[in-house]
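The next block holds one structure in the form of structure tokens; read it before the comments.
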Amino acid sequence: MVIAGLFASVLLIGLILGDWVYFVRLTPDAIRYGCSVARSRDQWTTSTLSAVRDRFDADGLLKLPHGVARFYPELSAIAIRPQYRLFSMGFRTAWPVKGLVHLLIDDRSLTALCVKRIPWSSALITLLWFAVVAIGSLAFIATYARDGGFSSLQGTFLGVGLVAGAALVLLTGIVTVILSYRLENDRLTKVYEELREALEASPRS
């Protein structure tokens, strides 16, 4: 059983790492990979896709101060993500965010629709954790009540304490996810603004 547990743990860690490695790639198949969590629409003064293409190198890459962007002219889309360094002083969370900017041509400008995604492993593990904590807490409280735990004053106080403890754990988890997402979303937003400034700057000579 111990060996089976260790093997399952190693397999789970390997799947999570593989999911993250594939998530950060900038290949045409990987840029759409991930759980969509948000969308934002914006207007760019850049008027044509050719003007956008001129900003990128021959491989379609554009290095930005805090990230990288890759242009896919056949998809009319730009993939963006913050720069991930192996030994970084910045705090990393379990919910990294990347974006895929779809370019829609209007009369005098481009409409940019940015779809934000997180790794599937992060989304599924988060949902699983909340489900286990919530269902487990409700099941325990229901069993405690069925066994007469609330029949005495002391038991009632203990039951209320258990309910408060479960609620505190859930609240801590919610706050952690919200703060982590805001941190990662701010990083992606910074990369997005750098991309927009680079595309709307004066053309290179």
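Annotations for the structure displayed:
- Residue (of Ser137, Val163, Ile13) at the positive-pole extreme of the chain, dipole from beta-carbon charges: Ile13
- Between Val37 and Lys116, Arg117, Ile118, the built amide H atoms are under 5 Å apart, and every one of these is 5 or more places off in sequence or on another chain.
- For the chain, the Rg and Dmax computed from alpha carbons only, in angstrom: 23.2, 83
- Extended-chain gain in nm, criterion 0.36 nm per residue less alpha-carbon gap, Leu138 and Arg53: 25.1 nm
- The angle between the Cα long axis of helix 153-200 and the longest principal axis of the Cα atoms of the chain comes to about 0 degrees, rounded to the nearest 10.
- Residue-normalised accessible area of the range 114-156, expressed per residue, 1.4 Å probe, Å²: 62
- Burial order of peptide ranges 178-188, 145-155 (average beta-carbon count within 10 Å, highest first): 178-188, 145-155
- Compared with the dominant Cα axis of the chain, that is its longest principal axis, helix 2-24 is turned about 30°.
The values are calculated or read from the model by the stated rules, or taken from the named source; none is laboratory data. Computed from a predicted structure; not experimentally measured. Note: ideal-geometry Cβ built from the backbone for every residue, glycine included; neighbour counts use all protein chains shown. Surface accessibility is based on the protein's heavy atoms, side chains included, excluding ligands, DNA and RNA. Shrake-Rupley method; radii C 1.70, N 1.55, O 1.52, S 1.80 Å.
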